[in-house]
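What follows is a single structure, written as C-alpha cells, with notes after it.
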C-alpha cells in the first residue's frame, strides 16, 4: 500500500475519533488496535442506570435477576442488560461498541456467557461470525466484574451457550465442522487472573462435536440433572425438538411437526420443556413434558412470542412478545395467565433468561 494512502486512512480514523468525542463527550470512545494495521473505534462508557442501593434482592431475601439482549446501544448495537424481575435495577453488563447477545447464566449465577462480535471489523452479527465470551457478575450489586474474556476463537460462527448444571462445560452450536452441530467445551477454570497464566479464567478448551450430522443442529439446552441435552434440528426436513444423552448418544425426537419447533428450555425440575413454534400460524410458546407429550400453547395470542425461560420456582415464564409492536420482555404467570410487561420500551428487548 502507498505511504500516502496509509497516511490518509490514519487521518480519517483520527477525524472520526474527534467527531465522536465532540458528539458524545470526552471519554466516550477510545481507539483500539485489535486487527493488525487497523484501528477501531470502541465505545467505552461505563455501565448505565443503577444506583448503589439497587441490589435486586426479592421477597425471598435472595437476589433475583433477569438478563436479556436489547438494541439500546448508543450505536444501534445489541447489548446484554440485567434487571430485577419487576424491571428495576436496569444495568448494561456488556457496554461495548458491537453486538452482544444471547446471555446464559452459570449455575451459581456468578458468570454470564454471551455471544459477541466485538473482535471483528463491523461489529454486526448479520455481517460477522460470533464468538462466545465470559463475563463475571456480582449478584449482590447486579454489576459486571472485570472485563469480558473470550472463550472461543474460530473463524466459524459459535453461538447459543448453555451451561452444564455442574458448571464444568458449556454446550453451544457452531458451524466450524461445515454445518451447524451441537458442541461442548470446558468452561473451567473460571477463577484466577488472566495475567497470571495463559489459561486462567478463560476456559473454552477441549471442544467436542456431539451431533456431527449434515442437518442443522442448533439451540442446545442442558437438562437440570446434567444427563441430557435438548436441541432443535432440521435433519428430518423441518425444525423439531430432539434430546440426546450428554455424550451425544441416545437420540430421541420429541416433536414431529411440519412447522418450526425451536428454542427448547428445561423446567427447573426437568419434567417439562418450553419451546417456540409457528405451528399455529405465528410464533407461540408451547410447553410439553420431557417425553414430548401433553403439548399446551401457553401464550395463544395473535402476536409473536419467543424464547421462554422458567423462573427458579417453575411458576412463571420470562419471554419476549410483540404485543406493543416492538419486542418487550414479559413475565407470564402460569397459574393465573397474567402478563406483566417489565421493559415497556421502544427498543428491541429479547432473548431473556432468569437468574438461577
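When 69, 147, 128, 284 are arranged by Cβ crowding within 10 Å, least crowded first, meaning fewest neighbours, the order is 147, 128, 284, 69.
Seen from a random direction on average, the alpha-carbon convex hull of the stretch 46-354 projects onto 15.5 square nanometres.
Please arrange 315, 151, 288, 83 by counting, for each residue, the other beta carbons lying within 10 Å of its beta carbon, fewest first. Walk me through the intermediate numbers first.
Numbers: 315 12, 151 23, 288 19, 83 26.
By the 10 Å Cβ count, ascending: 315, 288, 151, 83.
Cut-off is 10 Å between beta-carbons; in what order do 353, 299 appear when sorted fewest neighbours first? Could the numbers behind the result be given before it?
Values: 353 21, 299 26.
Ordered by Cβ neighbours within 10 Å, fewest first: 353, 299.
Counting 0.36 nm for each residue step from residue 291 to residue 75 and taking away their Cα separation leaves a gain of 73.3 nm. Take each peptide in 335-342, 251-258, 70-77, 180-187, count the other Cβ atoms within 10 Å of every residue, and average; sorted highest first, the result is 180-187, 70-77, 251-258, 335-342.
Gyration tensor over the Cα atoms of the stretch 203-356: the corresponding equivalent ellipsoid has semi-axes (square roots of 5 times the eigenvalues, largest first) of 26, 17, 16 Å.
Please label the shape of the stretch 206-277 as rounded, prolate or oblate, based on the square roots a ≥ b ≥ c of the eigenvalues of the alpha-carbon gyration tensor (a/c under 1.5 means rounded; beyond that, a/b larger than b/c means prolate, else oblate). Oblate. Our estimate of slack between residue 336 and residue 121, defined as 0.36 nm per intervening residue step minus the Cα-Cα distance, is 72.6 nm. Centre-to-centre separation between the Cα atoms of the stretch 211-242 and those of the stretch 322-356: 26 Å.
Let's test the formula: R0 of 41 Å, r as the Cβ-Cβ distance of residue 212 and residue 62. What FRET efficiency results, to the nearest 0.05? All intermediate terms of the calculation are to be shown ahead of the outcome.
Values: r = 41 Å, r/R0 = 0.99.
Rounded to the nearest 0.05, the efficiency is 0.50.
Just so you know, all these numbers are worked out from the coordinates, no wet-lab data involved. Because the structure is predicted, anything quoted here is derived from the model rather than measured. Positions of Cβ are generated from backbone atoms using ideal geometry, with glycine treated the same way; all protein chains shown enter the neighbour counts.
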